[in-house]
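The structure is given below, and queries will be raised subsequently.
The values are calculated or read from the model by the stated rules, or taken from the named source; none is laboratory data. These figures come from a predicted structure and were not determined experimentally. Note: ideal-geometry Cβ built from the backbone for every residue, glycine included; neighbour counts use all protein chains shown.
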Amino acid sequence: MKAMQLSKPAPIESEPLKLVDLGMPEPGEGQVRVKVSVCGVCHTDLHTVEGDLKLPKLPIVPGHEIVGRIDKVGEGVSRERLSERVGVPWLYETCGECSFCREGRENLCPNARFTGYHENGGYAEYMVVPEDSAYPIPDGIADAEAAPLMCGGVIGYRALVLSKAKPGQILGLYGFGNSAHVTIQVALYLGIRVFVFSRTPANRKLAEKLGAEWTGGAEEQPPERIHSGIIFAPAGPLVPMALRHLRSGGTIAMAGITMTPIPAFPYELIYSERGLRSVANSTHEDVRQLLDYAGKIPVKTEVTEFPLEDANKVLRAMKESKIQGGAILKP
């Protein structure tokens, strides 16, 4: 099968992903094999390829916003799942035994394994995954529209929950890419008002199209203070900017897996019980809840399709903020 494989991390400008021909993966006990229809491109893929994250395995096939159909099942998996349309997210599997797993906080499992990081992901024609991490996709959502839900969407959903945003309150979104353009739809569905802070005019226009009440740059003062905020862009200087916009008692959730250094800021910015909260991975239940909302709303995603072989070019465009909405690779 064809796949875009990383053998050594390097700046994306050097095109470190190479098109290779790998053997067909076979599902083990409790696993399914997915014939990949599309795979979304995520900022975490860029961090993986460029070496911002310490990689536990090389070579590796990135990609963790996967949509496809189950074409083979391993021992212990019902054959009724054959041909089922499914999505595969970042969370590949957890141990199920540690204190975090027992507490329902499996996203913090120290033994968790992640798709496209510990195990080969979706920048390929096929991949294998534990069957409970292959989630049925609701009818009415096309493969291309579903792909961004599997990481950007679910991380945005978890960040929305952790931000404590409530109906009628104002939620500020900082950065408006793959994740935020899903989160805004869920927030609006729940009756939450949304302000969007983005440096890119095209992304501000998209935010307005999707229902943002106000858009502007992070350095601008919005017409009202926000009750909650989510920082999607991996830029540390956004943290004190967001705190300046935040009402007393509010929470800022930081959705990125990495972030540039956060500059020092005066204590008064976080005083009055303002809170900062990081967001780490997601749970199986997060994915199920998001897909339930996605089917009811229904969520629409803005995606641009590219051939699998263009993975390096797409990641570079993402790095340079030239992708509006999301991007998908099609084997």
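Can you work out which of the residues in the range 80-94 that are in a loop (DSSP other than H, G, I, E, B) and within 20 Å of the chain's Cα centre (by Cα) is farthest from Met127 (Cα to Cα)?
Looking at residues that are in a loop (DSSP other than H, G, I, E, B) and within 20 Å of the chain's Cα centre (by Cα), I get Thr94.
Check off (1) in contact (Cβ under 8 Å) with a residue 60 or more places away in the chain; (2) assigned to a loop (DSSP other than H, G, I, E, B) for Val77 and give me the number that stays unchecked.
Failing condition for Val77: (1).
Suppose we filter the range 301-324 for residues that are in contact with a strand residue (DSSP E or B) (Cβ under 6 Å, 6 or more places away or on another chain), surrounded by fewer than 20 Cβ atoms within 10 Å (Cβ to Cβ), within 24 Å of Val186 (Cβ to Cβ) and not acidic (Asp, Glu); how many remain?
Looking only at that region, the number is 1.
Is it the case, given these coordinates, that Gln289 is of a type in the set (S, T, N, Q), at pLDDT below 95 and surrounded by fewer than 21 Cβ atoms within 10 Å (Cβ to Cβ)?
Working: of a type in the set (S, T, N, Q): yes; at pLDDT below 95: no; surrounded by fewer than 21 Cβ atoms within 10 Å (Cβ to Cβ): yes.
No.
Just checking, does the range 58-77 include any residue being within 21 Å of Ala146 (Cβ to Cβ), in the same structural domain as Leu108 (by TED's automatic domain parsing), small (Gly, Ala, Ser) and over 22 Å from the mean Cα position of the chain (by Cα)?
For the range 58-77, residues within 21 Å of Ala146 (Cβ to Cβ), in the same structural domain as Leu108 (by TED's automatic domain parsing), small (Gly, Ala, Ser) and over 22 Å from the mean Cα position of the chain (by Cα): absent.
In addition: Out of Ala146, Ala180, Ala112, I need the residue that is closer than 28 Å to Ser37 by Cα, in contact with a helix residue (DSSP H, G or I) (Cβ under 8 Å, 6 or more places away or on another chain) and not assigned by TED's automatic domain parsing to the domain that holds His47. Which one?
Ala180
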